[in-house]
Amino acid sequence: MTLKPLADKVVVKRLEAEEKTKSGIILAASAQEKPEIFEVVAVGPGGMVDGNELKMEVKTGDKIITGKYSGTTVKVEDVEYTIVRQGDILAVVE
């Protein structure tokens, strides 16, 4: 099963949490912070959204930052994805 986003939607996957600190201490799973950076998995076609022409600014493979409580989380074949609107993306990480 694959996810194909519509209109201005973007499917993203959270990057893995750091398992070690910079000094080399291994963190337990409960102590690991969820990263705020996601990887773009799929991008909708854009088009007309709310009566305005919308061009998609992100592409598959981009690393992005979204709002903390943005999007809808879904699980497909034991992988957790988040679907967000392009407008909820705060920045592209380069």
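Cβ-Cβ distances below 6 Å connect the following pairs, each with a first residue in segment 1-14 that is at pLDDT 90 or above, a second residue that is among the polar types (S, T, N, Q), and a separation of six or more residues or different chains: 8/86; 10/86; 12/82.
The number of residues in segment 66-94 being surrounded by 15 or more Cβ atoms within 10 Å (Cβ to Cβ) and not basic (Lys, Arg) comes to 10. Listed by position, the strands (runs of 3 or more DSSP E) enclosed by segment 40-94 that each have at least 3 residues that are more than 14 Å from residue 6 (Cβ to Cβ), free of Cβ contacts under 8 Å to residues at least 60 places away in the same chain and not small (Gly, Ala, Ser) are 63-66, 89-93.
In the set 39, 19, which member is open to solvent by 60 Å² or more (accessible area, probe 1.4 Å) and at pLDDT below 90? When all the criteria are applied, what remains is 19.
The values are calculated or read from the model by the stated rules, or taken from the named source; none is laboratory data. Note that the structure is predicted; figures quoted are calculated from it, not measured. A quick note on method: Cβ atoms are made from the backbone with ideal geometry, for glycine too, and the neighbour counts reach across all protein chains shown. For accessibility, only protein heavy atoms count, side chains too; no ligands or nucleic acids. Shrake-Rupley method; radii C 1.70, N 1.55, O 1.52, S 1.80 Å.
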